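Accompanying notes for the structure given below.
The values are calculated or read from the model by the stated rules, or taken from the named source; none is laboratory data. Predicted, not measured: the structure shown is a model, and the values here were computed from it. Here the Cβ positions follow ideal geometry from the backbone for every residue, glycine too, while neighbour counts run over all protein chains shown. Calculation scope for accessible area: heavy atoms of the full protein, side chains included, ligands and nucleic acids excluded. Shrake-Rupley method; radii C 1.70, N 1.55, O 1.52, S 1.80 Å.
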Amino acid sequence: MPDFVKKEGAPTGDFRSDNNFLLGYFEEKDHSLYYRYDAERVIIEPWGDNSFRVRASKMPQMPEELWALDGKPENRSSEITIKEYSAEIVNGKIKAVINNIGKISFYNQKGELLLEEYVRNREDMFAETCSSLEVEAREFKPIIGGDYELTMRFESNPNEKIYGMGQYQQKFLDVKGAELELAHRNSQASVPFALSSLGYGFLWNNPAIGRVSFNKNITTWEARSTKKLDYWITAGDTPAEIEEAYADATGKVPMMPEYGLGFWQCKLRYQTQEELLEVAREYKRRQIPIDVIVVDFFHWPKQGDWRFDPTYWPDPDAMIAELKEMGIELMVSIWPMVDYKSENFEEMKAKGLLTRVEKGVRIDNVYMGNTIQYDPTNPEAREYVWGKAKKNYYDKGVKIFWLDEAEPEYTVYDFENYRYHLGPNVQIGNVYPAMYAKTFFDGMRAEGQENVVNLLRCAWAGSQKYGALVWSGDIHSTFESLQNQFAAGLNMGLSGIPWWTTDIGGFFGANSTTPFENPTVISNIIEMISMMLLPGACVVTFGHMLHDKRKEKKAEKVAMNAQVLPGTAQKKVIFGRQGAVVFGAMAIIFLIGLTICYQSEMAGNPVIQEMGIDQSQGSMEGKEVRFGVPQSALFTTVTTSFTTGTVNNMHDTLTPL
């Protein structure tokens, strides 16, 4: 119902009652409060205890997607009051007030202001928001020929603290004052739920690529492309109460199975079935408890085949059976990429199960092949991929999956260039990891498995209900990076993702093969010299400590008899006799090792030679082209001799003696 009827006749002097004063209109319907002005429609509806869902759109019909929300609550009740110039709706401990120009404010049961929209215009000359700035709270900026670019503005409380928002590689637990990208990247997971110290929780229920700025003067949420504004807000007396309401609204996580809480053995990577089994058998032989062992990436022939490569994994059924006899579950890595050379590519392309690009070649990642992602926003694609995984893994006994590359990871993060079944990436892309998790969760539940939990590298709001155990991705091997993970893990938990972990030693940076750490031959040489300095210094120190005392005393006596003046240069002992012997022995062993390693690698691997691969430059398997065999052999000998643990090539690919 409209909140008032305009009066006809001459102006009264009261601006709000004049004919020229434009007002929005209020209506109560289905326990919800509706507001409309011009093309915009706003709905404030009760959504769980002490909570509201707020939607606004300029589309002909209000879009109905739930996104992160877990279904419409069955019991919906509210108290709605419509006045002349405003309306309010109350649901338990939270009240929303919307005035005649559409500004919304939220209060708790004590009447304390929790959150209010930021408006600066002259729509209401009597309001505190009257300003010549002409800034709207809900700004729908049209994309010519398309939908809208959305900006949502709220007033900022400088004393507020904000937690959650997912996983970002920064040290701040309190993200007040931070600007965050609402997008996924390797090691970044946008889970847009904010827990406020003022006593409310706020979910930005929009999977569009965007940004949020929790500035001192204003809070701004942005979506680069969308059809609607959609957020959920709840009030609570404690953080626990707020978190519980959020879990009710977005879904609760399954219980972790017992094996998931034990020890997991993982390596990058076990290359063969026998190698993995030998490790598992050794754990049992030593009576070391182990619950899960992991088959990492590229155990498949091509990305998108989703099966074991029989060359290296000839009998996975027997392998899994043996592991289960030892009480060990096998986890298998899954990647969402589909190589153009995959046995499934043409079929998936023909059925429309792959993501697309807006322009250019249909490739979004070039790591180890030209690939494109499968499209989990398409129910048919989810069913297809699960069908492959069920046949080649699950039916063989694999009951836990490592869903890697879940952002998904692109070679270039041109978000605007990718398109999914549900729409363009800039509009719905952040839902990808949730739908990826749903692919396997739904399939495993359909098989009767309870407490489904799978490891993923990313998550969005609601991912927890699909059994997402998130780890923080490929992080740097530094203490600074480790510090970031503490804030990241705590904020992920506050964002509703309770199962979380990290690579405690990092993933890259310690391995000197990466171009980020060791880009040139010169840097390679400098690093080798640095590795040898400390052990060399130890030999010098040893020599100084144990060199021949008789000769030292004799030298002192000769010096005294010769009445050497103070400050006269004396002959220095560098190694001492004992130190020189140790150094000489080390040098001989080092040269022997270097010679064997160099000659073996230059001769090439006979197995590879039988495959018809040219080895005229030596065996380049597992080596960087920029280093070649000579520097790789030298680095291998240096790091092995001085036990630093760093490598610039894969030691397990060196030619067997």
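What to note about this one:
- Check on Tyr367, modelled with pLDDT under 95 and closer than 27 Å to Val294 by Cβ: yes
- Single match in Gln599, Gln609 (criterion: more than 25 Å from Ile529 (Cβ to Cβ), part of a helix (DSSP H, G or I) and open to solvent by 60 Å² or more (accessible area, probe 1.4 Å)): Gln609
- Note on segment 77-114: residues that are in contact with a Phe, Trp or Tyr (Cβ under 7 Å, 6 or more places away or on another chain), at pLDDT 95 or above and farther than 17 Å from Val42 by Cα amount to 4.
- Looking only at segment 137-148, and only at residues there that are over 16 Å from Ser213 (Cα atoms), at pLDDT 95 or above and out of contact with any helix residue (DSSP H, G or I) (no Cβ under 9 Å at 6 or more places or on another chain), the one that is most open to solvent (accessible area, probe 1.4 Å): Lys141
- In the condition set (1) out of contact with any Ser or Thr (no Cβ under 6 Å at 6 or more places or on another chain); (2) surrounded by fewer than 20 Cβ atoms within 10 Å (Cβ to Cβ), Leu422 is compliant with all but (1).
- Scope segment 59-100; condition in a loop (DSSP other than H, G, I, E, B), hydrophobic (A, V, I, L, M, F, W, C) and open to solvent by 30 Å² or more (accessible area, probe 1.4 Å); matching residues: Met59, Met62, Leu66, Trp67
- Any hit, segment 333-354, residues being more than 21 Å from the chain's Cα centre (by Cα) and hydroxyl-bearing (Ser, Thr, Tyr): yes
- Restricting attention to segment 44-57, the residues that are open to solvent by 10 Å² or more (accessible area, probe 1.4 Å) and in contact with a Phe, Trp or Tyr (Cβ under 9 Å, 6 or more places away or on another chain) add up to 2.
- Conditions (1) of a type outside the set (Asp, Glu); (2) surrounded by fewer than 20 Cβ atoms within 10 Å (Cβ to Cβ); (3) modelled with pLDDT under 95; (4) within 27 Å of Met62 (Cβ to Cβ): number failed by Thr151: (3)
- Scanning segment 133-173 for residues that are farther than 25 Å from Trp499 by Cβ and hydrophobic (A, V, I, L, M, F, W, C) returns Leu133, Val135, Ala137, Phe140, Ile143, Ile144, Leu150, Met152, Phe154.
- Residues (aliphatic (A, V, I, L, M), part of a helix (DSSP H, G or I) and in contact (Cβ under 8 Å) with a residue 60 or more places away in the chain) located in segment 230-246: Ala245
- Residue list for segment 622-653, filter: over 22 Å from Phe507 (Cβ atoms) and either of a type in the set (Ser, Thr, Tyr) or open to solvent by 60 Å² or more (accessible area, probe 1.4 Å) (or both): Val625, Pro630, Thr637, Thr640, Ser641
- Number of positions in segment 332-360 that are open to solvent by 80 Å² or more (accessible area, probe 1.4 Å) and in contact (Cβ under 8 Å) with a residue 60 or more places away in the chain: 2
- Leu173 meets the stated requirement of being among the aliphatic types (A, V, I, L, M), open to solvent by 50 Å² or more (accessible area, probe 1.4 Å) and more than 20 Å from Leu115 (Cα to Cα).
- For Gly467, the conditions (1) crowded, with 24+ Cβ neighbours inside 10 Å; (2) under 14 Å from the mean Cα position of the chain (by Cα); (3) of a type in the set (Gly, Ala, Ser) all hold with the exception of (2).
- Only one of the numbered conditions (1) touching a strand residue (DSSP E or B) at 6+ places or on another chain (Cβ under 9 Å); (2) open to solvent by 10 Å² or more (accessible area, probe 1.4 Å); (3) of a type in the set (A, V, I, L, M); (4) not in a loop (DSSP other than H, G, I, E, B) is not met by Ile363, and that is (4).
- Annotation note: Cβ proximity below 7 Å between a residue of segment 512-530 that is under 11 Å from Phe635 (Cα atoms) and at pLDDT below 75 and a residue that is surrounded by 13 or more Cβ atoms within 10 Å (Cβ to Cβ) and not aliphatic (A, V, I, L, M) (sequence gap 6+ or interchain) occurs for Ser512/Asn518; Ser512/Glu527; Ser512/Thr646; Ser512/Asn648; Thr513/Glu624; Thr513/Asn648; Thr513/Asn649.
- Of all residues in segment 486-498, those satisfying the criterion of being crowded, with 22+ Cβ neighbours inside 10 Å and more than 13 Å from the chain's Cα centre (by Cα) are Leu494, Ser495, Gly496.
- All positions within segment 128-167 that are in a loop (DSSP other than H, G, I, E, B) and in contact with a Lys or Arg (Cβ under 8 Å, 6 or more places away or on another chain): Thr129, Ser131, Ser132, Leu133, Glu134, Glu136, Ala137, Asp147, Ser156, Pro158, Glu160, Lys161
- Enumeration of residues in segment 381-437 that are part of a strand (DSSP E or B), within 30 Å of Ala321 (Cα to Cα) and touching a helix residue (DSSP H, G or I) at 6+ places or on another chain (Cβ under 8 Å): Ile400, Phe401, Leu403
- Top-ranked residue of segment 230-248 - restricted to ones that are open to solvent by 10 Å² or more (accessible area, probe 1.4 Å) and hydrophobic (A, V, I, L, M, F, W, C), ranked as farthest from Lys141 (Cα to Cα): Ala240
- Applying the condition of being among the charged types (D, E, K, R) and not in a loop (DSSP other than H, G, I, E, B) to segment 280-313 and asking which residue is surrounded by the fewest Cβ atoms within 10 Å (Cβ to Cβ) yields Arg285.
- Test: Asn91 is polar (S, T, N, Q) and touching a residue at least 60 places away in the same chain (Cβ under 8 Å): no
- Verdict on Leu277 being open to solvent by 70 Å² or more (accessible area, probe 1.4 Å) and of a type in the set (A, V, I, L, M): no
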